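Below is one structure, written out as structure tokens, with a few remarks after it.
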Amino acid sequence: MPHSTRTPLGPCYGDISIGLFCHKLQESLLSSASGYSNYRGILNWCVVMLILSNARLFLENLIKYGILVDPIQVISLFLKDPYSWPALCLIICKCLALLFYLWLQGTFGERLGTFLHLINLSTILCLPVATVLFVSSMTPVGAVFALAVYTILFLKLYSYKDVNRWCRDIRQARARTLARSLSFQRFNGSAVQTQVSYPGNLTHRDMYYFIFAPTLCYELNFPRSPRIRKRFLLRRLFEMVFLMQLLVGLIQQWMVPTIQNSMKPFQDMDFSRMIERLLKLAVPNHLIWLIFFYWFFHSSMNFVAELMQFGDREFYRDWWNSETVTYFWANWNIPVHKWCLRHFYKPMLKRGVSKRVAQAAVFLVSAFFHEYLVSVPLKMFRLWAFMGMMVQVPLAWFVGQFLRGNYGNAAVWISLIIGQPIAVLMYVHDYYVLHVQGPSAG
């Protein structure tokens, strides 16, 4: 007997009922209740629209200004006088500071040694400032490069002193268990690192390895990779060369004309035009910042790490997913974050300082070094970078209290996209008034 298909309409309708029922209880895909999360096509659409809009801007720039990229001009940014190389001389002089610092380790008593260390660290910060301010052949770009090198040296030597003092205290207390925790064996693949203990680490080899290693925090025994991967090294080298050329081209072709055209609205105090120029500068500035991030924190630092077989490659985390300002600053620059956490934030907490005060102090130190790296090369002190960093403290509180999830992430992105060009325009305007308009008026 043939099987009969029963439907709500009765057995006689058979397959006809299949076309009668096409609806069910369900939510639209774009509703949050639907649980749908595959937006890959929309993401691709956003990328295509971004490429097309920026291609239009780039074509408009070429039609309006022509080709402005000039590799020879880059050399003039570093050298004003071909027979005077003050920035390079400053960087070479840092070798004397390293030798002096190594000589101080264990040579004097605790108090005298600490006093001499403070003098050496103060000299590292003050010597390049004096050179920049009093040597007329020093260019702003060369000064930024030299000051950045000395700032890194300052942070590294501070960490070097702290860690050796901890090791010396452990050695004097005969705490062998703690000493073993500082110099335990590390395994990386099949490679076993030969361990060094204090004071066997006080050698030129150990000191210079730390100085060139892509980290700011000293250890007696760094994790080491078993071998140098040549293909990986060549890929990072290609990225470094290509992205550097791209950065120079974008700055000369896109950013410089926009900044030059922004001077008149600032002089006339035309706020509508100022906002328009700010938004126009935000796109190339942010693109250049993103490319610089990849060039420095991924390509360059991985290249140095691979060359030196330095095993810890966590130079950044997923800062692009930041839902709070604090999370962004803790994850976009891991070497600086580790240094602040290890040598500044945690020691303050151990002394009884509250977390909020310690966080504000970290931002204060960061604000000082931001201003140090901008105001000194430009030979003017306007505190825009300092104030921009200190504004992060109330901004972090506001975003953490009132914005969550995607709203917090959007707030972080807006602060990055808008905040940086504001500081750039402030400094360029003041530099133009002080060094260009002032002498011409005189």
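The values are calculated or read from the model by the stated rules, or taken from the named source; none is laboratory data. Just so it is clear, the model here is predicted, and its values are computed rather than measured. Cβ atoms come from the backbone with ideal geometry, glycine included; neighbour counts cover every protein chain shown. When the accessible area is computed, the model is the full protein with side chains, heavy atoms only, and any ligands, DNA or RNA have been set aside. Shrake-Rupley method; radii C 1.70, N 1.55, O 1.52, S 1.80 Å.
Considering only residues in the range 91-147 that are modelled with pLDDT under 75 and in a loop (DSSP other than H, G, I, E, B), the one that is least open to solvent (accessible area, probe 1.4 Å) turns out to be Gln105.
Only one entry of Met301, Met274 meets the criterion of being among the aliphatic types (A, V, I, L, M), part of a helix (DSSP H, G or I) and at pLDDT below 85, and that entry is Met274. Just one of (1) in contact (Cβ under 8 Å) with a residue 24 or more places away in the chain; (2) open to solvent by 30 Å² or more (accessible area, probe 1.4 Å) fails for Pro394. It is (1). For the range 367-391, filtered to residues that are outside any helix (DSSP H, G or I) and open to solvent by 50 Å² or more (accessible area, probe 1.4 Å), the residue that is nearest to Tyr427 (Cα to Cα) is Arg382. Would you say Val433 is modelled with pLDDT under 85, under 22 Å from Val256 (Cβ atoms) and open to solvent by 50 Å² or more (accessible area, probe 1.4 Å)? Considered against the rule, which asks whether it is modelled with pLDDT under 85, under 22 Å from Val256 (Cβ atoms) and open to solvent by 50 Å² or more (accessible area, probe 1.4 Å), Val433 comes out as yes. Which of the residues belonging to the range 326-366 are β-branched (Val, Ile, Thr), touching a residue at least 12 places away in the same chain (Cβ under 8 Å) and surrounded by fewer than 15 Cβ atoms within 10 Å (Cβ to Cβ)? Once the filter is applied, which keeps residues that are β-branched (Val, Ile, Thr), touching a residue at least 12 places away in the same chain (Cβ under 8 Å) and surrounded by fewer than 15 Cβ atoms within 10 Å (Cβ to Cβ), the range 326-366 yields only Val365. When residues in the range 305-357 are screened for being touching an Asp or Glu at 6+ places or on another chain (Cβ under 7 Å) and of a type in the set (Val, Ile, Thr), 1 of them pass.
For the range 397-418, a residue qualifies if it is open to solvent by 70 Å² or more (accessible area, probe 1.4 Å) and among the polar types (S, T, N, Q), and the qualifying residues are Gln401, Asn406.
If I go through the range 307-325 residue by residue, how many of them are of a type outside the set (Asp, Glu) and open to solvent by 40 Å² or more (accessible area, probe 1.4 Å)? Here the count works out to 8. In the range 277-301, the residues that are free of Cβ contacts under 8 Å to residues at least 24 places away in the same chain and farther than 20 Å from Arg317 by Cβ reach residues that are assigned to a helix (DSSP H, G or I) and among the polar types (S, T, N, Q) with C-beta atoms within less than 9 angstrom, at least six apart or across chains, in these pairs: Lys280/Thr258.
Within the range 393-409, the residues that satisfy the criterion of being farther than 30 Å from Ser375 by Cα and part of a helix (DSSP H, G or I) are Gly400, Gln401, Phe402, Gly405, Asn406, Tyr407, Gly408, Asn409.
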